[in-house]
Amino acid sequence: MKKWFTMMALALCALTLTACGGGAPAKSSGSSAPAPKTETPAKKDEAKTDGKRALVVYFSRADENYNVGYIEKGNTRILAEMIAEATGADTFEIKPAKPYPKEYTPATELAKKEKNENARPEIVGTMPDVSKYDVIFLGYPIWWGDLPMPCYTFFDKVKLEGKTVAPFCTHEGSGLSGTDRYIADTTKAKVTGALEMKGTTAQKNQGEAKKEVLAWLKKIGIDL
Ligand SMILES: Cc1cc2nc3c(=O)[nH]c(=O)nc-3n(C[C@H](O)[C@H](O)[C@H](O)COP(=O)(O)O)c2cc1C
């Protein structure tokens with residue numbers, strides 16, 4: 001966190017100087033008659049998560065960001081797509097009703113104000129029915145040592161109590177910053193070991209990023 005603040009301070013100085021610039025196993029029916037031995041093809045929408053159904057929920061911001069310049073796809077979104085591809089999970093993006101500024105510094109200022117006010121910025125779209133899912137991957141960038149406030153709006157709207165939540169985040173030096181605990185405390189979900197990765201790795205070194213994603217899925221017991 002301290003390192004990121006130092007980097008932020010340096011970046012702000014620089015900006016000022018430059019004038020701102022497989023399907024689920026069949027359940028036993030409980031009847032005594034043996035089940036007919038016909039192969040049921042895996043449904044397309046079933047996740048490859050050891051028979052469990054999975055959903056990737058993520059928040060990610062494109063445009064100008066720290067150390068990567070203007071990007072078309074947010075760093076966390078890159079990881080979200082890798083996880084969805086590897087597991088066959090459905091995806092849901094947490095989208096703020098009012099997009100954050102495209103420029104980095106104004107975005108950090110707004111995010112800081114929202115955090116200080118413990119705001120719940122409005123988010124758009126139909127919220128997912130999480131009762132359908134056994135595993136929820138939750139992705140976000142670290143913003144001021146926390147989750148972006150729209151993630152808390154999501155927690156207010158979608159109850160994750162008792163669900164298995166696997167957090168993954170991108171950052172530029174702060175690491176997880178205790179966000180796995182914040183998620184557990186706020187949602188009362190069962191939180192697995194988290195994946196944390198520098199956003200620059202996700203954005204610029206996708207081979208390495210994918211290796212880390214797959215290793216993490218294995219570590220937390222998602223059978224691919
Ligand atoms: C508003 C804002 C606040 C940030 N706060 C932090 C921070 O506290 N610690 C850190 O390491 N990086 C911080 N960063 C950097 C982001 O966490 C990092 O660039 C991340 O990969 C962005 O992911 P995204 O493209 O999916 O939004 C911040 C970036 C922004 C825009």
inquiry  = Less than 18 Å apart at the alpha-carbon level, and either on another chain or at least 8 residues along: which aspartates and glutamates does that give for residue 95?
reply    = 63, 64, 72, 81, 103, 114, 122, 129, 146, 156
task = Could I have the simple spin-label model distance between residue 112 and residue 159, label points 7 Å from Cα toward Cβ, reported in nm to one decimal?
result = 3.8
query = On full extension of the chain, what length is gained from residue 206 through residue 95, given 0.36 nm per residue of separation minus the C-alpha to C-alpha distance?
reply = 37.6 nm
task = Write down the Kirkwood hydrodynamic radius of segment 134-185, to one decimal in angstroms, obtained as one divided by the mean of 1/r over all alpha carbon pairs.
result = 11.4
ask   = segment 73-140: Rg/Rh from Cα coordinates, Kirkwood Rh?
value = 1.02
Per-peptide average of other Cβ atoms within 10 Å, ordering 170-181, 101-112 highest first = 170-181, 101-112
key: Residue exposure sequence - 77, 53, 120 - by fewest surrounding Cβ within 10 Å   = 120, 53, 77
ask   = What ranking do 137, 92 get, fewest neighbouring Cβ atoms within 10 angstrom at the top?
value = 92, 137
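Any of 132/190; 157/219; 73/198 with alpha carbons more than 18 Å apart? Name them for me. Working shown, then result.
Numbers: 132/190 16 Å; 157/219 30 Å; 73/198 15 Å.
Exceeds cut-off: 157/219.
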message = 7 Å from Cα along Cα→Cβ at both residue 122 and residue 214: what's the point-to-point distance in nm?
response = 4.4
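Arranged by the count of other C-beta atoms within 10 angstrom, fewest first, what order do 124, 68 take?
Details: 124 11, 68 17.
Listing 124, 68 from fewest to most nearby Cβ atoms yields 124, 68.
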ask   = What residues have an amide H closer than 5 Å to that of residue 139, excluding those fewer than 5 places away on the same chain, when H is modeled at 1.01 Å from N in the peptide plane?
value = 57, 58, 59, 168
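Read-outs throughout are calculated quantities, based only on the coordinates presented, and are distinct from any laboratory measurement. Every value quoted in this text rests on a predicted model; they were computed, and no experiment measured them. Note: ideal-geometry Cβ built from the backbone for every residue, glycine included; neighbour counts use all protein chains shown.
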